[in-house]
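Single-structure report; data block below.
The values are calculated or read from the model by the stated rules, or taken from the named source; none is laboratory data. As the structure is a prediction and not an experimental result, all values here were calculated from the model. Virtual Cβ from ideal backbone geometry, glycine too; neighbours counted across all protein chains shown. These accessible areas exclude ligands, DNA and RNA; they are computed on the full protein's heavy atoms, side chains included. Shrake-Rupley method; radii C 1.70, N 1.55, O 1.52, S 1.80 Å.
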Amino acid sequence: MTSNLEAQLLALRQEGEKAIAAADTLERLEELRVNYLGKKGELGALLRSMGQMSAEERPKIGAIANTVKESLQTSLDQQRVALEAAQIQVQLEAETLDVTMPGIYSPQGRIHPLNGIIDRALDIFVGMGYTVAQGPEMETDYYNFEALNTPPDHPARDMQDTFYLPDGNLLRTHTSSVQIRYMEREEPPIRVVAPGRVYRRDNVDATHSAVFHQIELLAIDEGLTFTDLKGTIKVFLQAIFGDLPIRFRASYFPFTEPSAEVDLQWNGRWLEVMGCGMVDPNVLKSVGYDPEVYTGFAAGFGVERFAMVLHQIDDIRRLYASDLRFLQQF
């Protein structure tokens, strides 16, 4: 009995080692482990017959069985390492990158200089507590002119001649119309900045375009003064252009009183960069605000002018030509 079981164990080891060495996948190797060393495997089946042996025979067969088990486990471990290494090598070969081949070029997009100025300006005003507001580019005469203290016979309309549509609407000449719409919806205090495209019937040349972009700001609250306006504009312009001299010149806008033009000393000469003023009481009345309680200030500038100054662009038409030789510089 003992010699027969011993022979079976040795034959099992020889057979198992041969099968394990021939395994070519990790899945096949796992099947062999279960077949030989699993709870219902062949080694376990042989050991269950030890119950019929005498107490003197069992230790000898047990030692042989342990040797067989260890041998099979060692063979399994060695073959697993070999198969995993081969699998990694195959994967590496499949994923090999030939660094001598030319790369596939994917051109990177760039921010248009006008969008760059708008983004910078909005970041500054949002940091000062302003809310960004948008409005329609096709406006009514009321929102574009009348609510801004510019009645039909007002001479200021000549400066803002625009494109009129057959239905009586028009293309807005400034984003001030957004301020009116915002004030109609909201109650003071208000801090709002309105960017957008605007239209005027200008002759196109190096510094003028019939379509351009504006950013306008509006603040309404109790007790706001021209000093608050000057401080706001100074902080904004210094954030954009740096610590340069700024001056305010008396001017005229129908929707602000008093009004001023703002100049910046750039490269040794004064350059007009924006207009501003205290909101006219008539504008406050048109949206239902009491001018005896609330005051406010407004300011606006052309995005194209800022871009031309900061980037030293000689012709406004370059900003609209979609010439990649030009745009890829930014």
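Of the conditions (1) modelled with pLDDT under 95; (2) loosely packed, with under 14 Cβ neighbours inside 10 Å; (3) part of a helix (DSSP H, G or I), Asp123 clears all except one; give me its number.
(1)
Of all the helices (runs of 4 or more DSSP H) wholly in the range 245-330, which have at least 1 residues that are in contact with a Ser or Thr (Cβ under 9 Å, 6 or more places away or on another chain)?
The qualifying helices (runs of 4 or more DSSP H) are 281-286, 303-311.
Condition first: part of a loop (DSSP other than H, G, I, E, B) and surrounded by 10 or more Cβ atoms within 10 Å (Cβ to Cβ). Now tell me which residues in the range 94-120 satisfy that.
Arg110, Ile111, His112
Only one of (1) open to solvent by 30 Å² or more (accessible area, probe 1.4 Å); (2) among the hydroxyl-bearing types (Ser, Thr, Tyr); (3) in contact with a strand residue (DSSP E or B) (Cβ under 8 Å, 6 or more places away or on another chain) fails for Tyr289. Which number is that?
The number of the failed condition is (1).
If you scan the range 81-133, which residues turn out to be within 22 Å of the chain's Cα centre (by Cα) and of a type in the set (A, V, I, L, M)?
First pass over the range 81-133, keeping only residues within 22 Å of the chain's Cα centre (by Cα): 106-133.
Residues satisfying the conditions are Ile111, Leu114, Ile117, Ile118, Ala121, Leu122, Ile124, Val126, Met128, Val132, Ala133.
Filter the range 64-74 down to the residues that are touching a Leu at 6+ places or on another chain (Cβ under 9 Å) and open to solvent by 20 Å² or more (accessible area, probe 1.4 Å), then identify the one that is farthest from Leu32 (Cα to Cα).
Only one residue fits best here, namely Ile64.
Considering only residues of the range 152-167 that are assigned to a loop (DSSP other than H, G, I, E, B) and open to solvent by less than 50 Å² (accessible area, probe 1.4 Å), which is modelled with the highest pLDDT?
Thr162
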